[in-house]
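The structure appears below as structure tokens.
The values are calculated or read from the model by the stated rules, or taken from the named source; none is laboratory data. Since the structure is predicted, the reported quantities are computational estimates derived from the model, not experimental observations. A quick note on method: Cβ atoms are made from the backbone with ideal geometry, for glycine too, and the neighbour counts reach across all protein chains shown. Note: accessible area is taken over every heavy atom of the protein model, side chains too, but ligands, DNA and RNA are not part of it. Shrake-Rupley method; radii C 1.70, N 1.55, O 1.52, S 1.80 Å.
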Amino acid sequence: MEDAHLMSSPLSEKYINDHGEIGRNQDLTPVMGMKFRCYEDAREFYNRYALGVGFGTKIKSSWPHKKTKESIMVVFVCCRRVLKMKKKNALYRRPTKKTGCGAYMRVKPNRISQKEMQKAMHIYFTRMQQRNSNFFYLMDLDNEGHLRNVFWADARSRAAYGYFGDVVTFDTTYLTNRYDMSFAPFVGVNHHGQSVLLGCGLLADETIESFIWMFKTWLIAMSGHPPNAIITDQCKAMQRAIAVVFPKARHRLCLWHI
């Protein structure tokens, strides 16, 4: 089989609904350049193809990204494919149904530039805002128009803050994307003791200026009402930014980071 690629942006509605490019590929045979929304969609497609042809599938190999742990390439093969050569001088060989089937499909992400990612994010945010006017987003660009920081919060997050915004946690240690931008969620706790997302963003760096921008933007999205208390890690830049944007809020350190 030929290489397939993952799309970083959603596929067309027709492909998502039909689980395959039905208009161009009626028999769902893998071809070079096919695009999928995620690895799960690619595997489901290949499984459906294999089922129709008459063989099972398995993952031969997978290579994760060192930082994000995201798979950078996956190879699907026939389940009867022999992956290792047997010793010729073996005294006893158990019977096997393995064959030399060479069917495979290699899937790798379609790398896009940060400029393309920025454009895709803007299109997505604009579409979300058209669906619900209470969707909020703001993008911070440098002098050359490159994306530095971004924040977004949907209508549910903004409404939840009115009920569960007394104490907020802010943590940038959870995840970093392929562009080395830190994921920065604002999280509260509801009356059931469950975590509630109160907005999130991506930070290009963890400087005082970036934190101040993120906190001020989040405050705008929450109608200018600061929390009574905020819990973070021991980042000095974060502490200084909190003192500037939330001077009356009680700042506490998370036990996990102490």
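Which of the residues that make up the stretch 194-210 are closer than 19 Å to W152 by Cβ and of a type in the set (A, V, I, L, M)?
V196, L197, L198, L202, L203, A204
So, in the stretch 112-136, how many residues would count as being in a loop (DSSP other than H, G, I, E, B) and free of Cβ contacts under 8 Å to residues at least 40 places away in the same chain?
Residues of the stretch 112-136 in a loop (DSSP other than H, G, I, E, B): 112-113, 132-135.
If we keep only those that are free of Cβ contacts under 8 Å to residues at least 40 places away in the same chain too, we end up with 113, 132-135.
So the count comes out to 5.
If you go through the stretch 96-107 one residue at a time, do you hit one that is at pLDDT 65 or above and in contact with a His (Cβ under 9 Å, 6 or more places away or on another chain)?
Yes: one or more hits.
Looking at the stretch 225-240, which of the residues that are open to solvent by 70 Å² or more (accessible area, probe 1.4 Å) and in contact with a strand residue (DSSP E or B) (Cβ under 8 Å, 6 or more places away or on another chain) is nearest to V187 (Cα to Cα)?
Among those that are open to solvent by 70 Å² or more (accessible area, probe 1.4 Å) and in contact with a strand residue (DSSP E or B) (Cβ under 8 Å, 6 or more places away or on another chain), it is N228.
Evaluate the following for G165: is it surrounded by fewer than 18 Cβ atoms within 10 Å (Cβ to Cβ) and either over 13 Å from A204 (Cβ atoms) or not assigned by the TED database to the domain that holds G224 (or both)? Write out each step before concluding.
Working: surrounded by fewer than 18 Cβ atoms within 10 Å (Cβ to Cβ): no; either over 13 Å from A204 (Cβ atoms) or not assigned by the TED database to the domain that holds G224 (or both): yes.
So G165 does not fit the description; no.
Of everything in the stretch 178-212, what is of a type in the set (A, V, I, L, M, F, W, C), in contact (Cβ under 8 Å) with a residue 40 or more places away in the chain and open to solvent by 50 Å² or more (accessible area, probe 1.4 Å)? Give them in sequence order.
Going residue by residue through the stretch 178-212, those that are of a type in the set (A, V, I, L, M, F, W, C) are 181, 183-184, 186-187, 189, 196-198, 200, 202-204, 208, 211-212.
Imposing the further condition that a residue be in contact (Cβ under 8 Å) with a residue 40 or more places away in the chain reduces the set to 197-198, 200, 202-204.
Selection gives L197 alone.
Can you list residue pairs whose Cβ atoms sit under 7 Å apart, with the first residue in the stretch 32-44 being more than 10 Å from V107 (Cα to Cα) and the second being open to solvent by 90 Å² or more (accessible area, probe 1.4 Å)? Count only pairs 6 or more apart in sequence or on different chains.
Partner pairs satisfying both residue conditions: M32/E2.
Given the criteria open to solvent by less than 10 Å² (accessible area, probe 1.4 Å), farther than 21 Å from V245 by Cα, in contact with a Leu (Cβ under 9 Å, 6 or more places away or on another chain) and not hydroxyl-bearing (S, T, Y), does M222 qualify?
no
Of the residues that sit in the stretch 137-152 and are in contact with a Leu (Cβ under 7 Å, 6 or more places away or on another chain) and in contact (Cβ under 8 Å) with a residue 60 or more places away in the chain, which one is farthest from P185 (Cα to Cα)? Step through it out loud before you land on a result.
Of the stretch 137-152, the ones in contact with a Leu (Cβ under 7 Å, 6 or more places away or on another chain) are 139, 141, 147-151.
Still in the list and also in contact (Cβ under 8 Å) with a residue 60 or more places away in the chain: 148-149, 151.
Values: R148: 16, N149: 13, F151: 9 Å.
Here the residue is R148.
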